[in-house]
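Structure record follows, encoded as structure tokens.
Values in this text are rule-based calculations from the coordinates and carry no lab data. If you're wondering where the values come from, they're calculated on a predicted model, not measured in any experiment. Positions of Cβ are backbone-derived with ideal geometry, glycine not excepted, and every protein chain shown enters the neighbour counts.
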Amino acid sequence: MFSIALAILVLLSTVSFTIEKHYCGDVLIDVSIFTEAENCGMAPSEIEPSKLIKKSCCKDEIEFMHGQDVLKFTSFDDFDLEQQLIFTSFIYSYINLYEGLPKQIIPHKNYSPPNLVTDIQVLDQVFVI
């Protein structure tokens with residue numbers, strides 16, 4: 001569960017997105033995260049220029065959330081010699097940890113035992129205690 005939370009945290013810290021808000025006066029009309037916010041129909045571009053007498057009461061706010069864009073990439077060559085040795089020995093031992101067993105041959109696999117007429121142990125009074 002903890003590893004899933006860390007993976008989501010890394011994903012959210014590297015994603016960039018915009019939040020657009022459309023206000024008519026002081027009233028919030030629409031909020032949009034990845035697309036344009038819908039307006040109320042009173043935007044200056046939708047009103048005819050002859051009817052536009054004073055400044056529009058509508059306003060748009062755009063907030064841009066920057067994600068982390070500089071990531072550090074390390075390669076195997078960036079490690080010093082001791083770290084490379086430890087890493088390769090760990091990988092080698094982990095791979096050989098789950099080595100398969102050799103295929104075992106069972107010579108009497110298809111052998112069926114003979115039918116017993118009497119119980120020989122009871123007949124000879126031989127019991128394992």
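Computed quantities for the displayed model
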read-out	value
Most positive-pole-ward Cα, 68, 118, 13, against dipole of the chain from beta carbon charges	118
Calculated FRET efficiency for the pair residue 15/residue 83, C-beta based, R₀ 41 Å, to 0.05	0.85
Amide H contacts of residue 29 (H built 1.01 Å from N, under 5 Å, at least 5 apart or other chain)	22, 23, 24
J(HN,Hα) series, the stretch 20-32, from Karplus relation 6.51 cos²θ - 1.76 cosθ + 1.60, nearest Hz, glycine and proline x	10, 10, 10, 10, 10, x, 9, 9, 6, 8, 8, 10, 9
Equivalent ellipsoid, the stretch 57-129 (semi-axes from 5 times Cα gyration tensor eigenvalues, Å)	73, 28, 14
GNM top mover of 11, 85, 116 - the chain, alpha-carbon springs below 10 Å	116
In order through the stretch 78-88: 3J(HN,Hα) via Karplus (6.51 cos²θ - 1.76 cosθ + 1.60), integer Hz, x for Gly, Pro	6, 6, 7, 5, 5, 5, 5, 5, 5, 5, 5
